[in-house]
Amino acid sequence: MAIVSANSNISRYGRPVLAWGVALLFFFPIFWMVLTSFKTDADAVKPEFLIWFKPTLDNYLNLTENYDYWRFATNSVITSVCATLFTLVVGVPAAYAMAFNPSRATKDILMWMLSTKMLPAAAVLYPMIFLAKGIGLYDTHVLVITVVSLINLPIAIWMLFTYFKEIPKDIIEAGKMDGVSTWGEVKEILIPLAWGGIASTALIIFIFCWNEAYWTVRLTTIDAATLSKLIEGNRAPEGLFFGRLSAVSTAAVGPIVVLGWFCQKQLVQGLTFGAVK
Amino acid sequence: MGRIVLNNVTKSFGETQVIPSLDLTIEDGEFAVFVGPSGCGKSTLLRMIAGLEELTSGHIEIDGDDVTQVPPSKRGLAMVFQSYALYPHMTVRKNIAFPLRMEGRDQSEINKKVEAAARSLNLTDYLDRKPAALSGGQRQRVAIGRAIVRNPSAFLFDEPLSNLDAALRVGMRLEISEMHKSMKTTMIYVTHDQVEAMTMADKIVVLQAGVIEQVGTPLELYHTPGNVFVAGFIGSPKMNIFSGSEAEKLGAHTAGVRPEHIDIDLSDGTWKGTVGVAEHLGSDTFVHVHDTVLGDLVTVRVAGDVAVKHGDTIYLTPQMDKIHKFDERGLRV
């Protein structure tokens, strides 16, 4: 009896404590970053101001006045929105074709798409930079949007393919009998039925595009530079200005955290898709 | 009009040939039923007529026009699927109106047709519901409604009643038959249920492994099955089929007699046996008899109630004029 009650006590209190512990552990760096963003650079490294300090908005004012935050933020929005749209415009028809008109090569094509994600980005860094400069697209929106779209396209197609597979084939065939065109099939049947899946895919791709740093930092200087570049640019050579860097980082991740908060339900659906039928 | 002709039609999936060369004509206004065990190619054949499955070779004609390369919606056919295949995001009204909307008809005509179809199918009260809020029978009616409004030259039914419970199935069977009688439109109906085939068809096409075993009216198939397969497939309970010395005595390699064509007696008869199970249905009694010279279990159907029970000794006498004889290739002699 004693063992049973000890066990039930563990599951009653232990699990929530563990869950909270893990959640706090993950949340702590974000919390620390936000906290630090309200300290001066001098205070940020002093142990006595660890928790208690005089909050200041100087870092944020500095960000908008001296570092052109809004230009980077606008570029991030342009890149993420356009890249997400482009990914869906290419991904939806591709996934549709593979889900409803599969050929013998479909499985191999899907695996091949996924395999492109296994290539280390660094391996193609210099060819990409030379190519971009050679055709005069270096530091342009066109380049950044194209590259960010293409690296996320395999994930988008895989996600959409999985959602589309859940739609009974009979419904698509009923549509064919009823005389819908291919575009009508997508517009009248596929999109309404897979709306949740398409929204989840769009959201996740948007987040990936927003967070993309490797390529956006390396393929831009100023015109098409996103918030990732702003963070990277605040790595001052004489040492890290923690307050300033934290403010930049907070301002960069802020929008996406807010977006994620409002779309939690869609996100969980997207991340666990296919887990339970 | 809806005369459908299949010429040398074949179908292969990769290396596997599911339908070797096949010819078939379905006359205008006919109710044709494709029946056969699962995997016999009957659904594939229907889907080829619909245009949902490409032909490996051969031609399909509808009313004299070659439609082999014509897309499904342009063939003038309407299909009712086993799974109903309704559009779950649309109301009943929108589901039924969908094919008309795709044809670009004007709204007043669409409304008129949808309401007429709904009235004839008792769906008027459900027009603003979504399919999820309907019962299986109602969903099937919506699927039929969606087919009717197109005014097709032929209806194709792919096992439409398989998902319904037994009582509903009988009701829907009658409704579809009534619909055929009043509309006089060609209908092709696929089923694995030979009772559906027998009760609904003008013409039954019995298929096995993609090959047509026999084409005929229900009673032709019942009275003169062309081969052993058809003899065993058509009729419920199944025909008793036997070969060996008892068949040779009748001058055949294989012989068969239907359960309703065997008389029983408790003291005298051709074949002696022991009662295994007697199923009393009230109107009929099915007696399953073991240990006869025929080897296999013999089923006898007797009208009314018969007082036999497990373990009773029983004598069976076949009605000689009702015996079916087949040669060593299984063909009728």
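Database remark: amide H of B:Glu53 closer than 5 angstrom to the amide H of B:Met48 (H placed geometrically; neighbours at sequence offset of 5 or more, or on other chains; Pro and chain starts carry no H). The calculated FRET efficiency for the pair B:Lys181 and B:Val333, based on their C-beta separation and a Förster distance of 45 Å, comes to about 0.75.
For the stretch B:222-285, the percent of C-alpha pairs falling in each 5 Å distance bin, counted from 0 to the bin holding the largest distance, reads 4, 13, 21, 25, 20, 12, 5, 0. Shown for A:Phe27, B:Phe81: other C-beta atoms within 10 Å of each C-beta, ranked fewest to most, produce the order A:Phe27, B:Phe81.
Under 18 Å from a label point set 7 Å out along the Cα-to-Cβ vector of B:Ser236, the amide N atoms of the stretch B:194-228 belong to B:194-207, B:218-223.
For the pair A:Thr106 and B:Phe13, what calculated FRET efficiency results from E = 1/(1 + (r/R0)^6), where r is the Cβ-Cβ distance and R0 = 22 Å, to the nearest 0.05? Computed FRET efficiency for B:Phe13 and A:Thr106 comes out at 0.90. The modelled label-to-label distance between B:Thr274 and A:Thr162, using points 7 Å beyond Cα along the C-beta direction, is 6.0 nm.
With a bin width of 10 angstrom, please list the P(r) values of chain B as percents of all Cα-Cα pairs, from the 0 bin to the one holding the largest distance. Going from the shortest bin to the longest, the percentages are 5, 22, 26, 21, 14, 8, 2, 0.
For the stretch A:69-159, the average shadow cast by the Cα convex hull is 7.0 nm², which is a quarter of the hull's surface.
Sort A:Ser76, B:Ser73 so that the residue with the fewest other Cβ atoms within 10 Å of its own Cβ comes first and the one with the most comes last.
Listed from fewest to most nearby Cβ atoms, that is B:Ser73, A:Ser76.
Straight-line reach from B:Lys309: taking Cα to Cα under 25 Å and skipping same-chain neighbours fewer than 8 places apart, the lysines in range are B:Lys238, B:Lys272.
In order along the stretch A:153-163, the Karplus-derived 3J(HN,Hα) couplings, from 6.51 cos²θ - 1.76 cosθ + 1.60 at θ = phi - 60°, round to 4, x, 5, 4, 5, 4, 4, 5, 4, 5, 5 Hz, and Gly and Pro are given as x. Roughly how crowded by other chains is peptide A:165-174, in terms of the mean Cβ count from those chains within 10 Å of each of its Cβ atoms? Rounded to a whole number, the mean comes out at 6. Give the shape of the stretch A:68-233 as rounded, prolate or oblate, defined through the alpha-carbon gyration tensor: a ≥ b ≥ c are the square roots of its eigenvalues, a/c under 1.5 means rounded, and otherwise the shape is prolate if a/b is larger than b/c and oblate if not. Verdict is prolate for the stretch A:68-233. In units of the compact-protein estimate 2.2 N^0.38 Å, chain A shows a Cα radius of gyration of 1.26. Taking the Cα atoms of the protein assembly as shown, the ratio Rg/Rh between the radius of gyration and the Kirkwood radius comes to 1.16. Sorted fewest first by neighbouring Cβ atoms within 10 angstrom, A:Phe49, A:Phe86 come out as A:Phe49, A:Phe86. In a fully extended conformation the segment linking B:Ala116 and B:Asp23 would gain 29.7 nm over its present Cα-Cα distance, using 0.36 nm per residue. The separation of the stretch A:241-262 from the stretch A:65-118, counted between C-alpha centres, amounts to 24 Å. Of all the options A:Tyr67, A:Tyr13, A:Tyr163, the one that moves most in a Gaussian network model of chain A with Cα springs shorter than 10 angstrom is A:Tyr13. Separation of the stretch B:140-200 and the stretch A:197-236, taken as the distance between their Cα centroids, equals 58 angstrom.
Compute the Cα gyration tensor for the stretch B:176-333, then decide on rounded, prolate or oblate, letting a ≥ b ≥ c be the square roots of its eigenvalues: rounded whenever a/c is under 1.5, prolate when a/b is larger than b/c in the other cases, and oblate in all that remain. Cα axes put the stretch B:176-333 in the oblate bin. Restricting attention to chain A, lysine pairs at least eight places apart or on different chains and with alpha-carbon atoms under 23 angstrom apart total 18.
Approximating the spin labels as points 7 Å out from Cα along Cα→Cβ, the A:Trp183-to-B:Asp63 distance works out to 3.0 nm. For peptide B:98-108, the mean count of partner chain Cβ atoms within 10 Å of a residue's Cβ comes to 3.
The string of couplings for the stretch B:304-321 from the Karplus curve (6.51, -1.76, 1.60, θ = phi - 60°) is x, 9, 10, 8, 10, 9, 3, x, 5, 7, 9, 10, 10, 10, x, 7, 4, 6 Hz, one whole number per residue in order, with x for Gly and Pro.
The string of couplings for the stretch A:123-139 from the Karplus curve (6.51, -1.76, 1.60, θ = phi - 60°) is 4, 10, 4, 5, x, 5, 5, 4, 4, 4, 5, x, 9, x, 10, 4, 6 Hz, one whole number per residue in order, with x for Gly and Pro. Computed over the stretch A:2-49, the alpha-carbon pair-distance distribution with 5 angstrom bins reads 5, 18, 14, 13, 11, 10, 9, 7, 6, 5, 2, 0, each value a whole percent.
Residues whose amide H lies under 5 Å from that of B:Leu156, counting only those 5 or more places away or on a different chain, are B:Ala78, B:Met79, B:Val80, B:Ile188; hydrogens are built 1.01 Å from N in the peptide plane. Structural descriptor for chain A: relative contact order 31 percent, calculated from alpha carbon pairs under 8 angstrom and at least 6 residues apart.
Spin-label model, A:His141/B:Val211: points 7 Å from Cα along the beta carbon direction are separated by 6.8 nm. For the stretch B:229-333, the set of trypsin sites (Lys or Arg not before Pro) satisfying both a DSSP loop assignment and a count of at most 16 other C-beta atoms within 10 Å is given as B:Lys238, B:Lys309, B:Arg329. Considering only alpha-carbon pairs that sit under 8 angstrom and 6 or more positions apart, the relative contact order computed for chain B is 17 percent.
We did not get these values from a lab; they are worked out from the coordinates using the rules stated. Predicted model, so just to flag it, every value in this text is computed and none were measured. A quick note on method: Cβ atoms are made from the backbone with ideal geometry, for glycine too, and the neighbour counts reach across all protein chains shown.
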